[in-house]
Each structure stands twice: as structure tokens, then as C-alpha cells.
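Take a look at the structure below.
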Amino acid sequence: MNLPDTGRTVEELLAEVAALKQHDLPVRGGQVTAYVYDTGRAEVHEAAARAYAEMLEVNCLDPTAFPSVVEMEKQVVGAVADLLGGGHGVFTSGGTESIMLAVKAARDSLPSAGGRPNLVVPVTAHPAFHKAAHYLGLEVRPVAVDPVTYRADPRAVAAAIDGGTVLVVASAPSYPQGVIDPVGEIAAVASAAGVPCHVDACVGGWLLPWLREAGADVPPFDLSVPGVTSLSCDLHKFGYAPKGASVVLFADPAMRRRAYFASAAWPGYTIINATVQSSRSAGPLGGAWATLQALGRDGYVELGKATLEASARLREGIAAIPGLRVLGAPETSLVSFTGPDPFGLADEARRRGWFLQPQLSYAGIPANLHVTVTGVTLTGVEALLKVIAESAEAARRRGPAEVPDGVVELVKGMDLDALDDATFAELAASVGVDLRPGAGQPEMAAVNTILDALPADRREALLIRFLSVLYS
Ligand SMILES: *Cc1c(COP(=O)(O)O)cnc(C)c1O
């Protein structure tokens, strides 16, 4: 951007924003089955947007200056605690920040007895735990999951705990296959070892209770389960709030205090932070507060019924398409499925206007596609199934993505740090993945096929380079 010499009008700016967004995936309508959560009720999203704007300039930095923040946060956190077994919470910017705070509180609660402090984390748990461990100087002890159900195995968890373990993790559900870990058993083994247990209900916390009310068989998973010491619940997922809204709950108020941070070690204003961020807009808090109020209990129950019905129909419809298979038996409205060429299928679906989220093979779980079924999915579930069937057939006719011979071996052995971004982009273009400005959307099946053939550390190095090229 060239900073304009003189200011421009709001009409002009909004027109430009609209132009900038023209190639974005749509955030409403249900054809994007990841990242966005649509109730299908415009008035709910409007209430959120207006309350968000109303709170936009309010700064959560100093709760004594803006008591509205304290009151709103108490109400939002209170609603989450009421639904999920009580506790003492913090409103955060998202699942990652909720998890970061839960890990920090656990680390500061249990100075490890010896060795490097560690987290015991099933392989299906969200990378936010790896990120928290990375930022907070902890080691991750990955634990295998059951190869058929994809649920974490409490015996394997018990075996991985040692004197340095500061936190054990269970997911309700884990995102990749939408299955709920045996929370009661995992919390029991953690508790027997004297270690806190975090339930990652980022995606499920504000979903499972409504599915249960709509008739789903949902086992106990929240803070009411003995041994569970903290829980994360994202309101910007199945709470349908605008992004920037999550809650972390602690059973013990002393543990919440260990999530907080205060500093008097400078001559400036006093720092008391409940979150990682310090100056922080109250917009997301206002948006979440308004969404909860605009939907109410009935609204969430209705959405729960619709998601439950749509997920059942989707699982059954996918199973009936030749060559495709749903992974595991998800209790939730997250559905993953595999087939002969999932990445090719995703590209074909995208050509037909639908986004299905590719997931790479990992820890014995095959490459697959992930669908997050939301309130709005039901109205389009037959259309979605039709697109999946057509896309599977089209991918079969096209054949797998062409990856030139030797590319995977080349990438495995390559010293990425020795290349600058421009050289990397040229190299990628030479193997058919053109990331250069103006090249448009690369054929993602080729990108995913290359990534899928690499070990995790090489995938990570490539992804970081990709991001750097994207922003250069
Ligand atoms: C989405 C998600 C997270 C991370 O949340 P962000 O809001 O994207 O930071 C963590 N755990 C699970 C299970 C999730 O689905």
C-alpha cells in the first residue's frame, strides 16, 4: 500500500475492502466446511457485529478503567461454567490462547520433580499444546491413540507420565476425527499420579451439551468429571461468536491465578494481565456476549438438533459412496473420511464451489478430508453429498496429482535455510507449484501429495517457508 497523502472516504474504503475480499471463500452459506461457523440466522450475526463494534475501542488492559469488561466477562465465563461443570475462568482470544494459559498454570503449579517438565499429549490433540510447550519451554510426550477408534488410550497415557509431567491432556472431541477421548479414565490416571488434567473442549465445549440434549450419546467430559482440573471451550466455534472468543476454566481458583501475570518491574503503568495479550480490544467479548444472548438456550438446542441430523446424514451418505469411508465413529458433528485420492477429491470439490479440509496422514491415520458440520449444513447436506460423489468420480478419472520424480527425495535432503524466498518460489514453480504473485491458487493436490510423503519435521520446515514466501 502507498499511504495516501490525504485521507479517503469511508465509501471508497469499503468498496476497496469488498474488492480485496473477492477471492475469499464465503463465510456464510455452509459451502466452506472449515474455519467458519454459520447459524443460518442473519439477525444473530448482526447482533454480534453491532455489539462487537460498540465495544471495539474499549481496552481490556485496565479493568478498573472499563468496568463493562469485567461485567461482560463474568457473564460470558459464568455461562460457560454453568454449562460445563463450574470453575473459574478467563475470556481469551481463542483456543490456542486458552491452552497456552492452561499449560502455563499447570507448569507454575507443579514444579517438576526432575528432568525437563513435560506434557503428556495424545497424538490427536491440537498442535496448540505443541505450541504452548514450545513457547513455555516444556517437552511434549506424544501418546498413540487406538488405531480403530482414534480415541486416546488411558493405559498408554498412564505409562507416559513421569516425575516431570506437569499436565495430561484429553480432547472432547479431538479435531481430526471428531471422537471423544475417554476423559474419565484419563483424568483418573492423571489424578492417581498427582498430575493435573486438561480437557480440550475447544471445539466440543459449546456443542456437546446441545447434541446431548438433542439425543446424542455424549459421555461426561467436563469439569464435573473427577480429576479434570481445567477445560478450554471456544465460543468462536460452536458458540457461533465472531472470531477472538474462547474461555478457559480452572477447577481451582489458585490455578487460575497462576494463569495470570502481573509485573511491577518497570517505572510505567501497572501490568495485570489475565491473558497473553495486554492491550486488547473488548470487541470479541462484546460479540460473544451478544451471540449468546441473541441465540439463547433454545437457539443452541435448535442448532444442535440440526447439526446432529446433518452429521448422521453425512456419515451415512459418505459410507454409501463407492470407495469412501468415514474414519472412526464420531459422536460429534466433525466428520472425516478417506478414499483412494482425498487430495484430488478436495480440489474437485473446490472447483464446484465447496471447501473440504485436507488432513495429511499421521501416526498411522490415513490422509483424509474433514468436514465441520454446523447449524447451516443441514439445508445443504444433500448438495454436499452430491458434490462429494461427483468429485470422487472426477478425481478418479483425472488420476492422482503429478509430482515429478525425485521431488520428495530432493526436499528431504534440502537445506531450506540455504535458499532465499525467491529461489524457493522458483524451485516450487519448476515442480508445478507456482506460489509467485499473480499465479493464482496452486493445485493443492500436488502440494498436499508432496507434504504427505514427508516426515513431520520436513513438513513443518516447508510450511514455514511457504508462509514466508506468501508474505514476501
Ligand atoms: C480449534 C481448536 C483448537 C485451537 O483453537 P484456535 O481458536 O484456532 O486457536 C484447539 N483444540 C481443538 C480441539 C480445536 O478444535
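What the table below lists for this structure:
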{"read-out": "In segment 269-340, chymotrypsin sites (Phe, Trp or Tyr not before Pro) in a DSSP loop with at most 12 other beta-carbon atoms within 10 Å", "value": "Y269"}
{"read-out": "Of all accessible heavy-atom area on the chain, the percent that carbon and sulfur account for (1.4 Å)", "value": "57"}
{"read-out": "Global size of the chain as Cα Rg and Dmax, reported in angstrom", "value": "23.0, 68"}
{"read-out": "Potential extension, D146-A383 segment - 0.36 nm per residue separation minus Cα distance", "value": "82.0 nm"}
{"read-out": "Calculated over segment 47-291: convex hull of Cα atoms, volume per residue (Å³)", "value": "117"}
{"read-out": "Computed over segment 354-431: relative contact order in percent, which uses C-alpha pairs under 8 Å that are six or more apart", "value": "18"}
{"read-out": "Segment R352-L427, length gained on full extension (0.36 nm per residue, minus Cα span)", "value": "24.0 nm"}
{"read-out": "The chain: calculated mean residue ellipticity at 222 nm from DSSP helix runs of at least 4, using -39500 (n - 2.57)", "value": "-13500 deg cm²/dmol"}
{"read-out": "Quarter of Cα convex hull surface for segment 1-84, i.e. mean projection, nm²", "value": "9.4"}
{"read-out": "Scaled radius of gyration (Cα, divided by 2.2 N^0.38 Å) that segment 407-470 gives", "value": "1.02"}
{"read-out": "Over the chain, relative contact order from alpha-carbon pairs under 8 Å, at least 6 apart, %", "value": "17"}
{"read-out": "Axial C-alpha extent at least 27 Å, average Kyte-Doolittle at least -0.5 - helices from the chain (DSSP)", "value": "283-319"}
{"read-out": "For segment 1-117, size of Cβ-based charge dipole, Lys and Arg +1, Asp and Glu -1, in debye", "value": "620"}
{"read-out": "Cα-only Debye scattering, segment 315-470: base-10 log of I(q)/I(0) at q = 0.10, 0.13, 0.17 Å⁻¹", "value": "-0.41, -0.66, -1.03"}
{"read-out": "Antiparallel content of DSSP bridges confined to the chain, in %, to 5", "value": "60"}
{"read-out": "Estimated distance in nm for a label pair at L467 and V10, the labels positioned 7 Å out from Cα along Cα-to-Cβ", "value": "3.5"}
{"read-out": "Chymotrypsin sites (Phe, Trp or Tyr not before Pro) within segment 381-472, DSSP loop, no more than 15 other Cβ atoms inside 10 Å", "value": "Y471"}
{"read-out": "Over segment 211-312, relative contact order from alpha-carbon pairs under 8 Å, at least 6 apart, %", "value": "29"}
{"read-out": "All-pairs alpha carbon distance profile, segment 165-320, 5 Å steps from 0, percent", "value": "2, 9, 14, 17, 17, 16, 12, 8, 4, 2, 1, 0, 0, 0"}
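The values are calculated or read from the model by the stated rules, or taken from the named source; none is laboratory data. Just so it is clear, the structure is predicted and the values come from calculations on it, not from any experiment. Every residue, glycine among them, receives a Cβ derived from its backbone with ideal geometry; neighbour counts consider all protein chains shown. Heads up: the accessible areas ignore ligands, DNA and RNA and are worked out on the full protein's heavy atoms, side chains in. Shrake-Rupley method; radii C 1.70, N 1.55, O 1.52, S 1.80 Å.
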